[in-house]
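To start, the structure itself, in structure tokens.
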Amino acid sequence: MKLAGATALVTGANRGLGRHFAQQLLERGVTVYAGARNPDSVDLPGAIPIALDVTDPDSVAAAAKATSGVSLVINNAGSYTGASVTKGSMDDIRLEMETHYFGTLAVSRAFTPQLAEHDSSAILNVLSVLSWVTYPDYSAYSAAKSAAWSLTNALRTELAGQGTQVSALHVGFMDTDMISHVDAPKNDPATIAKLALDAVEDGEVEIVADEQSRKVQAGLAGGVAALYPA
Ligand SMILES: NC(=O)c1ccc[n+]([C@@H]2O[C@H](COP(=O)([O-])OP(=O)(O)OC[C@H]3O[C@@H](n4cnc5c(N)ncnc54)[C@H](OP(=O)(O)O)[C@@H]3O)[C@@H](O)[C@H]2O)c1
């Protein structure tokens, strides 16, 4: 879809990757609703702050009501608890699912009528290389991202009829608050935001943003034994 002149909603737009999305969309001539749990934390001139907690159905409904003309939804908001599915608390495990799966689902459903008003519209779901592979310190997060991947594919098939393109972004580590505790090479979130917006504009539905994600995606064909050799 053509971005210039469109209206977008970005969830979690107050910091991290979401802030880069919002900023770059503004630079591309897009009207931006910047969703944030605390709208006062949105510091981007030109963006329209919108109170939005993706895990709160009333907040999602109010955000949909307070906005109009949205033809691009970026489901970017994300939690990371570090919980393992065997040792983490059930509250943390549920939070990951509430944010990444139910939050993405709730926002997508709430904005589907606005998306349907346009001949061409799009949803971009920010997933992860961890939708495809898992590790102990990331397993609750990873399970939620896998669920969100399946959801993304379901939304794509179900919304194709109304002209809404649904894309997934898969990426490894990015240099944001979420993984400030990790000492490893990280992607620049500004670069990832640009790549993803270009890909949405080009009609790509599975955006594989870095070498790590490309390797794991290729490994899927080899089955579980290839992905988890140990
Ligand atoms: N960083 C990475 O290495 C990495 C890699 C792959 C994918 N991702 C994904 O990229 C996306 C952006 O993450 P990030 O790296 O930019 O992390 P971040 O800097 O920690 O930012 C997370 C954002 O999500 C918001 N958020 C969390 N829970 C929310 C909720 N219930 N409702 C609304 N907003 C909520 C936060 O808002 P508050 O300020 O209110 O907390 C914040 O704006 C996430 O989906 C994440 O899973 C990140």
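In plain terms, the C-alpha convex hull of region 123-168 casts an average shadow of 2.8 nm² when viewed from every direction.
Other residues lying with their Cβ under 12 Å from the Cβ of THR152 contribute a combined charge of 0, Lys and Arg counting +1, Asp and Glu -1.
On full extension of the chain, what length is gained from SER68 through ASP43, given 0.36 nm per residue of separation minus the C-alpha to C-alpha distance?
My answer for the length gained is 6.9 nm.
Taken as Cα centroids, region 170-216 and region 19-55 sit 20 Å apart, rounded to the nearest whole angstrom. For the chain, lysine pairs separated by 8 or more sequence positions, or belonging to different chains, with Cα-Cα distances below 25 Å total 9. Dipole orientation for the chain: of the candidates ASN153, THR7, GLY18, ASN153 has the Cα lying most toward the positive pole (charges on Cβ; Lys, Arg +1; Asp, Glu -1). The residues GLU211, GLU201, when put in order of fewest to most other Cβ atoms within 10 Å, stand as GLU211, GLU201.
Taking 7 Å steps out from each Cα toward its Cβ at ALA4 and GLN162 produces label points 2.8 nm apart. If you average the sequence gap of Cα pairs under 8 Å that are 6 or more apart and divide by the length of region 7-227, what percent do you get for the contact order? Once normalised by length, the contact order is 18 percent. For the chain, adding -39500 (n - 2.57) for each run of n ≥ 4 DSSP H residues and dividing by the number of residues yields -12500 deg cm²/dmol at 222 nm.
Our summary of shape: the Cα atoms of region 12-89 have principal axis extents of 46, 26, 23 Å, ordered from largest down, in whole angstrom. Full extension of the chain between MET90 and SER120 yields a length gain of 6.8 nm, computed as 0.36 nm times the residue separation minus the alpha carbon distance. Computed over the chain, the alpha-carbon pair-distance distribution with 5 angstrom bins reads 1, 7, 15, 20, 21, 18, 10, 5, 2, 1, 0, each value a whole percent. Starting from the Cα of LYS186, step 7 Å along the direction of its Cβ; do the same at ALA226; then give the gap between the two resulting points in nm. Calculated label separation equals 3.1 nm.
Rounded to the nearest 20 debye, the dipole size of region 34-187 about its Cα centre is 360 debye, using +1 on the Cβ of Lys and Arg and -1 on the Cβ of Asp and Glu. Volume per residue of the convex hull around the Cα atoms, evaluated for region 61-183, comes out as 107 Å³.
Each DSSP beta bridge with both residues in region 7-227 is either parallel or antiparallel, and the antiparallel ones are about 0%. Which residue, chosen from LEU52, SER131, ALA63, occupies the Cα position most advanced towards the positive end of the dipole of the chain, where the dipole is computed from +1 (Lys, Arg) and -1 (Asp, Glu) charges on Cβ about the Cα centre? Positive-end residue among those listed: SER131.
Every read-out reported here was derived from the displayed coordinates using simple, explicitly stated rules and does not represent laboratory data. What you are looking at is a predicted structure, and each value in this text was computed from that prediction instead of being measured. Using ideal geometry, Cβ is built from the backbone for each residue, glycine included, and neighbour counts are taken over all protein chains shown.
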